[in-house]
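The next block holds one structure in the form of structure tokens; read it before the comments.
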Amino acid sequence: MSKSSTRILQVGAEIYPLVKTGGLGDVMGALPSALERLGLAVRLLLPGYPALRKPLTNVSLVCRLGPAFGAASVQVLLGRLPGIDVPVYLIDAPSLYDRPGNPYVDGSGEGWNDNPQRFGLLGWVAAYLALGDIDPAWRPQLVHGHDWHAGLAAAYLALHPHTDCRTVFTVHNLAFHGLFPQTLLPVLQLPESSFSSDGLEFHGEGSMIKAGLHYADAITTVSPSYAREIQTTAFGCGLEGVITQRRAQLHGILNGVDYTVWNSTTDPRLEAHFDAAHPEMKAAAKGALQRQLGLRVDPGAMLIGVVSRLTSQKGIDLLLEVLPRLLVENVQLALLGSGDAELEAACRALAAAAPGQVQVSFAYDETLAHRIIAGVDVIAVPSRFEPCGLTQLYGLRYGSLPLVHRVGGLADTVVDADDKALAADTATGFVFNAPTTQALEQAVRRALALYRQPDRWKQVVCRAMVQDFSWDGAAVAYADLYRRLLEAKPVRLTKRP
Ligand code: ADP
Ligand code: GLC
């Protein structure tokens, strides 16, 4: 098998910089290029949201399908997207994808009723591309689906009698399942036989994430620790059984950082640039941020940043509970997030009680996200679970020390500033062991104590800034997995129901 001829289709529901709700978008925007740099022939398949359909250039129509999945007409287009190095297939089905708001939910935050059809079609087109029926000029040898939105691709392929295409399914977040009622099986073109506990059925409903977990040739998740955690009841979201059964096919591959986007030396969204060789200008980024947000401009205040979806996963409630006790110290908070209404209200209340010291913004704002991550002293990620987490990795590069719960990818990427690590000059942040207010408060107090020793703080900041989490390592791990799958004999027909 020559590497250059290996055709890989990446399938997902969002992509930075055009459609992004979180880290999945960052991954979809960076991994394909990193794989291509290794000599693989990579293409993407994405839903044709207007935000992708409009900027698509060099467009060719590769296939026109009849009515399918509730859409009167479906076309598959091939073209190029700005900022994306690899060719992109888009599913052009306006009645399914031309919606306001984000890809998954309506204006009130409710999932669209026809999400099973919208993302079932994504998996179906991926499978039929692999079967050669949609674009005979380019048939992927391996389909790599991301999260529940692409979970059915593996099922369609495994249930088809004539395919040698291999499948990889990556879990970015096990909490989202993509459930659908049994009555939709015919609409989704799935056989009744697939609706069993030894298939895609999950407590009486169909589950797109379980389809991926059950039918893919290999499963990956986005950090080694999360790969272990999801085999337990505490983190398995009810899917620990199927995951444990398939643990021989489960791999933890840590996400990378796109250092062309997240780079303190070159970031065009910043007024001041800095790095480990020139850390002085970080103070200018902090001052600019304090001014922009109306925080007291005080170089001596320890400024904590949060850039996050506001959901219970992220543990922001813990931070909000702890902060009032810490505000008597010279601590500030800059928070950018959106999500849960109750959490937003709690953030607002804290900001109102501490003007000049706590500032909160509820928006999705890429520029402010960069400025916060660059300008703060500490980036807090107190998540209850975190499959990988990217903000702590961005914080490292910008010398904003991550303060994180020892869980998932957070545990795999941050070295706690305990005495031993400080002495060995390996410390890069603050790690606490339990998702409790006590543990979090203690970690913030440890950060504060170190912050008051500027030389030691600077040493940790410089160590953090030289950490290398580039995509190259992850891409090699994926490429190696693809190679092993493609070299192995297919096991599909003996393994599946
Ligand atoms: P998750 O995918 O669980 O939300 P990650 O840490 O993997 O968490 O990725 C979050 C990504 O979303 C990062 O790129 C972060 O900067 C970005 N992000 C989160 N909230 C916001 C926001 N309100 N505005 C801009 N970017 C945000
Ligand atoms: C998910 C996870 C996050 C991860 C991201 C990208 O949204 O919550 O931990 O970094 O996917 O893999």
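Odds and ends about this structure:
- Filter pass, G395 being buried (at least 17 other Cβ atoms within 10 Å of the Cβ) and within 12 Å of ligand 1 (Cβ to nearest atom): yes
- Single match in S361, S308, S383 (criterion: touching a helix residue (DSSP H, G or I) at 6+ places or on another chain (Cβ under 7 Å), more than 16 Å from ligand 2 (Cβ to nearest atom) and among the polar types (S, T, N, Q)): S361
- E342 being in the same structural domain as I304 (by TED's automatic domain parsing), over 20 Å from G294 (Cβ atoms), surrounded by fewer than 16 Cβ atoms within 10 Å (Cβ to Cβ) and more than 15 Å from ligand 1 (Cβ to nearest atom): yes
- Restricted to the stretch 33-146, the set of strands (runs of 3 or more DSSP E) holding at least 3 residues that are surrounded by 22 or more Cβ atoms within 10 Å (Cβ to Cβ) comprises 41-47, 88-92, 142-146.
- Among the residues of the stretch 266-286, those that are surrounded by fewer than 18 Cβ atoms within 10 Å (Cβ to Cβ), closer than 20 Å to W457 by Cα and of a type outside the set (A, V, I, L, M) comprise H273, H278, P279, E280.
- From the options V414, V461, V466, residue that is at pLDDT 95 or above, crowded, with 24+ Cβ neighbours inside 10 Å and β-branched (V, I, T): V414
- Residue within the stretch 381-399 that is part of a strand (DSSP E or B) and at pLDDT below 95 present: no
- When the helices (runs of 4 or more DSSP H) confined to the stretch 407-480 are screened for residues that are within 16 Å of ligand 1 (Cβ to nearest atom) and in contact with a strand residue (DSSP E or B) (Cβ under 8 Å, 6 or more places away or on another chain), those reaching at least 2 such residues are found at 408-413.
- Evaluation of R492 against (1) basic (K, R); (2) at pLDDT 95 or above; (3) outside the structural domain of C165 (by TED's automatic domain parsing) (one fails), failing number: (2)
- Taken over the stretch 336-375, the criterion of being over 22 Å from the mean Cα position of the chain (by Cα) and outside any helix (DSSP H, G or I) is satisfied by A354, P355, G356, Q357, V358, Q359, V360.
- One residue from L152, L174 being surrounded by fewer than 24 Cβ atoms within 10 Å (Cβ to Cβ) and either in contact (Cβ under 8 Å) with a residue 24 or more places away in the chain or not polar (S, T, N, Q) (or both): L174
- Counted residues, the stretch 311-335 - those being under 22 Å from L390 (Cα atoms), in a helix (DSSP H, G or I) and away from ligand 2 (no atom under 16 Å from the Cβ): 4
- Helices (runs of 4 or more DSSP H) wholly inside the stretch 175-264 containing at least 2 residues that are more than 19 Å from the chain's Cα centre (by Cα): 208-215, 240-245
The values are calculated or read from the model by the stated rules, or taken from the named source; none is laboratory data. Keep in mind the model is a prediction, meaning the values are calculated, not measured. Counting neighbours? That spans all protein chains shown, and the Cβs are built from the backbone with ideal geometry, glycine included.
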